[in-house]
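The next block holds one structure in the form of structure tokens; read it before the comments.
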């Protein structure tokens, strides 16, 4: 007999809210299978303007799959995805490939753990940023230079090295190039997939600091996926804990770390602290 | 007993125009499709012709399909009518179709060309067939053919612009010499075959039909008459053709056309018109012959 | 009289420790009303749950029963059940929490840390920095430290910056968890002056203080927590 019971978690989407809070991103009822594996089961996500939502969970929890879906790289078997951006009123998963690509290019930025996924390693760093601007239709060379320089500068990349190819740069610098590329078009949503995993601790702190600064100065809405609770704790306003394709707990970051409710969250937090 | 020849149809050594009728039918269909979707690469079943792949088999098949006995063919190789390759193809075309041969751009009805567009303005009743080694402009940035097709479908040409960006960053100017990627009819980017930058503007809103065909890669595409062909260029870095406007042809004395550089023994060089047919006509007129020379696309080195 | 800023009804808190299959009781049946400008002192012996109550009110801890009615501009909202995003919004705007610990961030200067709440509230940069300087000065942080990164400061200096940051904006409700610990006498006086001024501006406060005599003149009410049960509110 158990003295206490494990809480079941399901977001109450109709909970009363202050009328000024509007979600940027709403995902509802996302379910997906890879063969026999249930990668995601009935996941709901809401991200509000200007906040950082952290998603934690071990490998295989479905957090990266969810992020790929937010980036419209993948479609779930079921579910609804909406972004509060001009002209996008329908379920984004129902859009055709071209519309999804344009939407992704214009309104969603992403930083991958592996810079090879996000960067052309042999093009110049500024060229990597310029590619984003070119997709949006920028055709002035001088503007490509200046806007590229601005984005790199905002990512605290040393602009005197802006024409060096990423392959010649350190891991931390490569992440800054990815970040510059991601924010070049001032996206409505910035997705971060383990952005500092694999970096030295000191470099990691600097990259996180840059992200914090950007968040503070530009109020960019971010979704941060990491298995590193320290990273989540530094960055996130709210935290979503995932396990085996389900959301087991969601709450304010300080609440998740100071008073975790779910047994899994408790073990996760205690293992790390 | 009947003879064998009485039982069979009269035999021929080969089909008219060399290609078998079904091959020509397929090519005509694909040509129509290419004309209907300007700049879009249309795959076709490239046949064997008595020439090695990569020597202009694509252009040859298109020309063979279009030929009839009233055609007048001109074949140029790097601007010259008298190269071995050009001469052999021209003779072959005449032999299998009964078409007449010419080196005069104005008199030809079909011009098959490798790497040049003639200097004299072509007319509505003329067809330019360009031999293409590599039809895919996206090849340098995307070697997966399926991915490249998707990029064409999405009109996703940012990576091509990026090539130009990188050239500007590294050298301060556009280094792309030939196969300059060009947007056709505002939709598809094509590789205009290895013609120099000098020749690309000639395709823009031209009166003639241009057909481009790659035999080895088995794809063809077209620029119909009066169709926009815009070389990719940054709005603040204008498209520039080769700096040949001030060069003078040492044979004809003409100035303001695309030249070949001929090295001299003393280490210097002199220049000759690349378009040999045009040069020939100029020389003959200077010698007093009654030769009609057409209007040219460039006048005093400036595109008119 | 105006509406209470905070109306706590029957608030309960316990912790479930799943791997031990154990429930740790904190408090239950806590209730009080707090009006603008009122100061409530939490009393009780060590470990009785004073800080726990403050954190539960701030929603760092999840309430297990009862209501925390907060009088927001949009109407009364129950912090015990409000959506996370709303709690976050109210924290930015209306509810402050002062602890003895500074969350210093690498490469963020002291003045920026203090100016940040103002910037978030929409102040222009120059004005926000001026205001930040005023409060750093008030709390006795030396001018040459304003541009430095507080990560390397001593505990006392960090605490001053922490207080300046927490008190720079008058909020509607201030939760104070032993803010005077590790402060020197000058900074302590500055803190009490500031709290007095905020009280006059109508800021309601709930505090845990080690030395009651420091803030004797501010106290309107006391709430004594006892083990297992809460006590009455003494006015």
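The values are calculated or read from the model by the stated rules, or taken from the named source; none is laboratory data. Values in this document were obtained by computation on a predicted structure and should not be read as measured data. Quick reminder, even Gly has a Cβ in these numbers, built from the backbone with ideal geometry, and neighbours come from all protein chains shown.
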| message | Among the residues in segment C:148-155, are any within 28 Å of residue C:37 (Cα to Cα) and surrounded by fewer than 22 Cβ atoms within 10 Å (Cβ to Cβ)? | response | no
| query | Quick one: is residue B:194 in the same structural domain as residue B:46 (by TED's automatic domain parsing), within 16 Å of the chain's Cα centre (by Cα) and modelled with pLDDT of 95 or more? | reply | no
| From the list C:196, C:202, which one is surrounded by fewer than 19 Cβ atoms within 10 Å (Cβ to Cβ), modelled with pLDDT of 85 or more and assigned to a helix (DSSP H, G or I)? | C:196
| query | Are there any pairs, at least 6 apart or on different chains, whose C-beta atoms fall under 8 Å, with the first in segment C:82-107 and closer than 12 Å to residue C:158 by Cα and facing chain A (nearest Cβ under 10 Å) and the second in a helix (DSSP H, G or I) and modelled with pLDDT of 85 or more, and if so, which? | reply | C:105/A:209; C:105/A:212; C:105/A:234; C:105/C:113
| Has segment B:241-251 got any residue that is within 21 Å of the chain's Cα centre (by Cα), closer than 30 Å to residue A:131 by Cα, modelled with pLDDT under 95 and assigned to a loop (DSSP other than H, G, I, E, B)? | yes
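Only residues that are in contact with a strand residue (DSSP E or B) (Cβ under 7 Å, 6 or more places away or on another chain) and crowded, with 17+ Cβ neighbours inside 10 Å: list them for segment A:89-136, please.
Matches in segment A:89-136: A:92, A:93, A:107, A:108, A:109, A:110, A:111, A:112, A:113, A:118.
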| request: Within segment A:20-42, track down each residue that is buried (at least 24 other Cβ atoms within 10 Å of the Cβ) and over 21 Å from residue A:85 (Cβ atoms). | output: A:40
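Yes/no matrix, rows are residues, columns are (1) within 14 Å of chain A (Cβ to nearest Cβ); (2) modelled with pLDDT of 90 or more:
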{"residue": "C:3", "(1), (2)": "no, no"}
{"residue": "C:18", "(1), (2)": "yes, no"}
{"residue": "C:62", "(1), (2)": "yes, yes"}
{"residue": "C:76", "(1), (2)": "yes, no"}
| message | For segment C:85-114, give me each residue that is farther than 30 Å from residue C:147 by Cβ and either at pLDDT 90 or above or within 17 Å of the chain's Cα centre (by Cα) (or both). | response | C:87, C:89, C:90, C:94
| task | Confirm whether residue B:237 is outside the structural domain of residue B:125 (by TED's automatic domain parsing), farther than 23 Å from residue B:133 by Cβ and touching a residue at least 60 places away in the same chain (Cβ under 8 Å). | result | yes
| request: Tell me which residues, restricted to segment B:29-45, are within 18 Å of residue B:208 (Cα to Cα) and free of Cβ contacts under 8 Å to residues at least 40 places away in the same chain. | output: B:32, B:33, B:36
| task | Please tell me if residue B:273 is surrounded by 19 or more Cβ atoms within 10 Å (Cβ to Cβ), under 30 Å from residue B:53 (Cα atoms) and outside the structural domain of residue B:30 (by TED's automatic domain parsing). | result | yes
| request: Test each condition in (1) more than 14 Å from chain C (Cβ to nearest Cβ); (2) assigned to a strand (DSSP E or B); (3) crowded, with 20+ Cβ neighbours inside 10 Å for residue A:61 and report the one that comes out false. | output: (2)
| query | Only one of these conditions is not met by residue A:213: (1) out of contact with any helix residue (DSSP H, G or I) (no Cβ under 7 Å at 6 or more places or on another chain); (2) modelled with pLDDT of 95 or more. Which number is it? | reply | (2)
| field | Those strands (runs of 3 or more DSSP E) lying entirely in segment B:106-210 with at least 1 residues within 14 Å of chain A (Cβ to nearest Cβ) | value | B:182-184, B:188-190
| query | Is it true that some residue in segment A:226-233 is in contact with a helix residue (DSSP H, G or I) (Cβ under 8 Å, 6 or more places away or on another chain), within 9 Å of another protein chain (Cβ to nearest Cβ) and assigned to a helix (DSSP H, G or I)? | reply | no
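Would you mind stating whether residue A:205 is within 14 Å of another protein chain (Cβ to nearest Cβ) and farther than 28 Å from residue A:143 by Cβ? So that I can check it myself, show each step before the final result.
Values: within 14 Å of another protein chain (Cβ to nearest Cβ): yes; farther than 28 Å from residue A:143 by Cβ: yes.
Against the criterion (within 14 Å of another protein chain (Cβ to nearest Cβ) and farther than 28 Å from residue A:143 by Cβ), residue A:205 qualifies.
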| said: Take the residues in segment A:234-260 that are crowded, with 22+ Cβ neighbours inside 10 Å and within 14 Å of residue C:17 (Cβ to Cβ); name whichever of them is nearest to the other protein chains (Cβ to nearest Cβ). | reply: A:259
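Residues in segment C:155-165: is at least one within 14 Å of chain A (Cβ to nearest Cβ) and without any contact (Cβ under 8 Å) to a residue 24 or more places away in the chain?
Within segment C:155-165, none of the residues are within 14 Å of chain A (Cβ to nearest Cβ) and without any contact (Cβ under 8 Å) to a residue 24 or more places away in the chain.
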| task | State the number of residues belonging to segment A:74-102 that are under 16 Å from the mean Cα position of the chain (by Cα) and within 14 Å of chain B (Cβ to nearest Cβ). | result | 0
